[in-house]
Amino acid sequence: MEIRPQAVVIPKETGHLEQGKYGPVFPRSPACYGFTIIAGVKPGRADAIRSYGDTLAEALRDDPGLLAPLKLHYLRWVLFDDDTRFMYQGIFDTDFDKYTEDAIALFTRAGVSTVFENLEGFPEDWKTNPEAFVRFVRAHHCPSFIEYGEYPYVTADEIKKALRIKGALSEMLDQLQ
C-alpha cells in the first residue's frame, strides 16, 4: 500500500457545506480536521496562559490519556504581539461538532478550566453553553485555505497502532539476534 502525500484546498465560502449542529462542517482534509483561533488576551493574563501550559503538562504526566477522547494529532498554543494575542491550533480526527462536545465534557468531568478563559470575549458559561463556546471559536477562527498531509487521512489511532507494531517487530528482531 503506497501512501502518497496530498493537499486539499479549503473553500472560502461555506454556504454549500453540510450544516452540523453548530454550523458548517468543514471537510476532512489530508491533515484530518482542525481549527485555528486567534484572539486577544485579557490584559495581564499572559502569565496565566503560560502557567496553564505547566498545569496541562503536569495533568498529562499524571494521566497521559487525559486528552485521548479528543482524538488529537497535535495542539499548539502561541502568545505573540508582546503577549497581547493568542493562537490555538488543533488537529484532530473528529469533526468540529464532536470535538467541541467532547472537549466540554472532558474539561467539565476533569474539573479543569480552559486556557480560553484568559481570552477577551470568551463566554463565562462555556461549560453549560456549548453554543456560546462555538460562537467564540467560529468568531475567532482563521480557516486555512490549503492543508497538506504527508500521510493523508491517517488517524491518530492508526498512527499509534503502526508505532506499536513497529515496536513489537523491533523487539522480535532484537530477540532473534
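FYI, it's all coordinate maths here, none of it is from the lab. Remember, it's a predicted structure, so these values are computed and weren't measured experimentally. Don't worry about glycine lacking a Cβ; one is built from the backbone with ideal geometry, like all the others, and counts go over all protein chains shown.
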Violations at 23 Å Cα threshold for listed pairs K12/K160; K71/K160; K98/K127; K12/K127; K98/K160; K127/K160 -> K12/K160; K12/K127; K127/K160
Residue separation between Y153 and R50 times 0.36 nm, minus their alpha-carbon distance, gives in nm 33.9 nm
Residue span T84 to A110: 0.36 nm per residue of separation minus Cα-Cα distance leaves a gain in nm of 6.5 nm
Hey, what angle do you get for helix 96-110 against the long axis of the chain, alpha-carbon based, 0 to 90 degrees rounded to 10?
80
Just from its helices, what would the mean residue ellipticity at 222 nm be for the chain, if runs of 4 or more DSSP H residues each count -39500 (n - 2.57) and the sum is divided by every residue, rounded to the nearest 500 deg cm²/dmol?
-12000 deg cm²/dmol
Pick out, from P5, L70, S51, the residue whose Cα sits farthest towards the positive end of the charge dipole of segment 1-103, with +1 on the Cβ of Lys and Arg and -1 on the Cβ of Asp and Glu.
P5
In nm, the gap between the two label points placed 7 Å beyond Cα toward Cβ at M1 and R61 is 3.7
At a Cα cut-off below 17 Å, give the aspartates and glutamates reachable from K161, other chains included and same-chain residues fewer than 8 away excluded.
D93, E171
Whole-angstrom gap from segment 66-93 to segment 1-17, using each part's C-alpha centre:
21
Projected area, mean over directions - segment 6-176, Cα convex hull, nm²:
12.1
Any chance you could give the angle, 0 to 90 degrees and rounded to 10, that helix 46-62 forms with the longest Cα principal axis of the chain?
40
Which distance in nm do the two modelled labels at S144 and L169 give, with both placed 7 Å along the Cα-to-Cβ direction?
2.7
For each of F26, F122, count neighbouring Cβ atoms within 10 Å of the residue's Cβ, then give the residues from fewest to most.
F122, F26
Taking Cα pairs under 8 Å and at least six residues apart, what relative contact order does the chain come out at, in percent?
36
